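Step one of this worksheet: look at the structure below.
The values are calculated or read from the model by the stated rules, or taken from the named source; none is laboratory data. Please read all numbers here as calculations on a predicted model, not as lab measurements. Methodologically, a virtual Cβ is constructed for each residue, glycine included, from the backbone with ideal geometry; neighbour enumeration extends over all protein chains shown.
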Amino acid sequence: MNSLIFNIIKIGVIFVGMNMIVYQLVNEYKGLSEVEAITLAGSGANGRKDNYSDIDIDIIVSKEIDNDRREQIIKKVSDYMEVGNDYWGDGDEFLLRSSDIQVDIAYFEMKWLKEQISNILDKNIACTGYSTCFWHNVKNAVIVYDRNGVFTELQKKCNTAYPEKLKSNTMKKNYPILRRSFSSYYNQIAKALMRNDLVSVNHRLAAFLASYFDILFAINEIPHPGEKKLIDIVENQCNIKPENFKENLNNLFIQGNDKILQNLNIIVDNLDVVLRKENIDI
C-alpha cells in the first residue's frame, strides 16, 4: 500500500471517530489565505486517544489570523469558546455544539516551525527536557490540507534517523543536572527538603523528570512524544530502559518526601547501568 493511500485511509478513520462537524471546520479554515497547512495532532493522530482526549488541530499559517475571523468560524460549530488564548502559544479552545467534545486549535507560523525543525535536525540543539518534541509533532502529524506541499516536505525531512550528534547533545545537556553537577535537580531538591519548601520540591522534581525522559528517548533514538502518558510510552516503545523503570517511578510518587532522595538515587543509579551497558560515556 503506497503512502498516499495509507494517509487517506488514516485520515478517514480519524474523521469518522471525531465528528463530521470538525471536517466541516477544517474546510472553513482552508478558505483563509493565511492558512498554509492543517494537521491533526495529539492523541487523535498518534493512536493514544482515550475517553478524556480532546481534538487537536494545528493550523500552519504564513502570518497571524485576526481573532474576529477565527471567532466567526468557531461560532458556526460552538456556543462556548475561548478565542485568542496565548497561555501555551497562540490558540483557540471550544466545545462542539450539543456535545462535550473539546477542540483545541494551535497556530504556528511556517517560518518559525521550519526553524524549530532545523534547530533539532540540522543544528542538533538540545534543551533541558523535551528536546525533540517538535520533531515528533511534525513527523506524526496527519496532514488534512497542505496548500503548496511545504508541510509535506517538512514532514519528509522529519522522517529520518535520530542524528547521533543530537543524541549525544541531549544526554550531555540533561544527564549532569540530574545528580552530578553542583546545581543538579537532586541537590536542589535536597535543599528544598531541608527548608521544608514543598513547592520547590515539586517544581524541581518535575524538571528532573523532564530531563530524565529526554535522556531515555534519546537513548532509544525516539523523538520525544510530549508530556502525557510517558511511563506507558516508554514501557511499550522503548527497548532500552532501566531496571524496574515503572516501579521505581511509582515509588517516587507514592512513598512520600522522606524517601524522595533515596528513590531519586535508585532511578539515577539504574540509568547509569543502562548508560554503561550501551557504552555511553557522558
Q) Does the stretch 142-152 contain any residue that is modelled with pLDDT of 95 or more and polar (S, T, N, Q)? A) yes
Q.
When you check Ala218 against the structure, is it surrounded by 15 or more Cβ atoms within 10 Å (Cβ to Cβ) and either of a type outside the set (Asp, Glu) or within 16 Å of Gly129 (Cβ to Cβ) (or both), yes or no?
A. yes
Q: Of the conditions (1) surrounded by 20 or more Cβ atoms within 10 Å (Cβ to Cβ); (2) among the basic types (Lys, Arg); (3) in contact with a Cys (Cβ under 7 Å, 6 or more places away or on another chain), Lys139 clears all except one; give me its number.
A: (1)
Q: Search the stretch 194-215 for residues being of a type in the set (D, E, K, R) and assigned to a helix (DSSP H, G or I), and hand back the single one that is surrounded by the most Cβ atoms within 10 Å (Cβ to Cβ).
A: Asp214
Q) Got a sec? Which of Asn137, Asn119 is free of Cβ contacts under 8 Å to residues at least 12 places away in the same chain and part of a helix (DSSP H, G or I)? A) Asn119
Q) Does the stretch 262-271 contain at least one residue that is surrounded by fewer than 19 Cβ atoms within 10 Å (Cβ to Cβ), without any contact (Cβ under 8 Å) to a residue 12 or more places away in the chain, of a type outside the set (Asp, Glu) and assigned to a helix (DSSP H, G or I)? A) yes
Q: Can you tell me which residue among Ser33, Ser43 is small (Gly, Ala, Ser), assigned by TED's automatic domain parsing to the domain that holds Glu109 and either modelled with pLDDT of 80 or more or under 16 Å from Lys76 (Cβ atoms) (or both)?
A: Ser33
Q. Going through the stretch 62-88 one residue at a time, which ones are surrounded by 19 or more Cβ atoms within 10 Å (Cβ to Cβ), in contact with a helix residue (DSSP H, G or I) (Cβ under 7 Å, 6 or more places away or on another chain) and closer than 20 Å to Leu113 by Cβ?
A. none
Q. In this structure, does Glu227 turn out to be surrounded by fewer than 13 Cβ atoms within 10 Å (Cβ to Cβ), in contact with a Phe, Trp or Tyr (Cβ under 8 Å, 6 or more places away or on another chain), at negative phi and not assigned by TED's automatic domain parsing to the domain that holds Val61?
A. no
Q: Run Ile125 past the list (1) more than 20 Å from Phe213 (Cα to Cα); (2) hydrophobic (A, V, I, L, M, F, W, C); (3) outside any helix (DSSP H, G or I) and report the number of the one that doesn't hold.
A: (1)
